[in-house]
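Below: the structure, in structure tokens.
The values are calculated or read from the model by the stated rules, or taken from the named source; none is laboratory data. Since the model is a prediction, treat every value here as computed from it, not as a measurement. Cβ sites come from the backbone with ideal geometry, for glycine too, and all protein chains shown count toward neighbours. Remember, those area values only see protein heavy atoms, side chains included, never the ligands or the DNA or RNA. Shrake-Rupley method; radii C 1.70, N 1.55, O 1.52, S 1.80 Å.
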Amino acid sequence: GDSSSASSSSSTTQSSLTFQEALSMIREDYKQDYFVTGQGSMKAYADTCRFADDFSSFQGENAVNRFKTNVQNLGSLCDDVSIDWNLYVSDVDVTNETPPKIDADTAPSSIRSTWRFKATLRLPWRPILAAKGGTEHVLSPENNRVCEHIERWDSKPGDVIVNLLRPSNGDETTMNTWEKIMLAIYKAVK
């Protein structure tokens, strides 16, 4: 399907939001690090929102729950998580404050974020997962709910995967067996 079918089918089952309500809900989700913990309410999202990033894309019934499950699974593998983010409306940083009241006729069609993420994965060689990018939260013109959640990574997906082979322990003299094996693989593919 396309994003128009996602937004039109969700508009019949979910109430409309104002732009400010959608922005406030999205901001609260970011404050809870929802895209690692899955703990945000995601109330601004259409039930059938399309989620896309450099690795995959999905939408349809229960798409929001699927996204939350995916990020909860990732989050359960992470230690020492650090996330920095900013929200933008029409290139104005609204991370900490809401922009002046926006008329419904002139409201932007999306809310954009930039983010930087770093965590150590709970794997025997303790690799570091690090990425930088942004997300565009496309709002449905019918109800101001997020109908598309489009992540873009500033890192190449292949580089992110290869870096997961590298142990976080850089001292080869103190590495465990897993770390030594993964370091050898990392050096072979790098």
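Values for this structure:
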quantity	calculated
Looking only at the stretch 89-116, and only at residues there that are at pLDDT 90 or above and farther than 13 Å from Gln20 by Cα, the one that is most open to solvent (accessible area, probe 1.4 Å)	Arg116
Pairs, first over 18 Å from Asp154 (Cα atoms) and part of a loop (DSSP other than H, G, I, E, B) in the stretch 108-123, second open to solvent by less than 60 Å² (accessible area, probe 1.4 Å) and not charged (D, E, K, R), C-beta under 8 Å, six or more apart	Pro108/Phe19; Pro108/Val89; Pro108/Ile102; Pro108/Leu139; Ser109/Val138; Ser109/Leu139; Arg122/Cys78
Output for the stretch 158-174, where each listed residue is open to solvent by less than 40 Å² (accessible area, probe 1.4 Å) and either without any contact (Cβ under 8 Å) to a residue 24 or more places away in the chain or in a helix (DSSP H, G or I) (or both)	Val160, Val162
Flag for Asn143 being outside any helix (DSSP H, G or I) and on the phi < 0 side of the Ramachandran plot	yes
Close pairs (6 angstrom Cβ cut-off, 6 or more residues apart or separate chains): closer than 14 Å to Ala131 by Cα in the stretch 72-94, open to solvent by 80 Å² or more (accessible area, probe 1.4 Å) and of a type outside the set (S, T, N, Q) anywhere	Ser82/Lys118; Asp84/Arg116
Test: residue in the stretch 61-73 that is touching a helix residue (DSSP H, G or I) at 6+ places or on another chain (Cβ under 8 Å), of a type in the set (Val, Ile, Thr) and over 25 Å from Thr18 (Cβ atoms)	yes
Residue tally, condition among the basic types (Lys, Arg) and in contact with a His (Cβ under 9 Å, 6 or more places away or on another chain), over the stretch 35-76	1
In the stretch 28-63, the residues that are open to solvent by less than 20 Å² (accessible area, probe 1.4 Å) and either of a type in the set (Val, Ile, Thr) or not in a loop (DSSP other than H, G, I, E, B) (or both)	Asp29, Tyr30, Tyr34, Val36, Tyr45, Ala46, Thr48, Cys49, Phe51, Ala52, Ala63
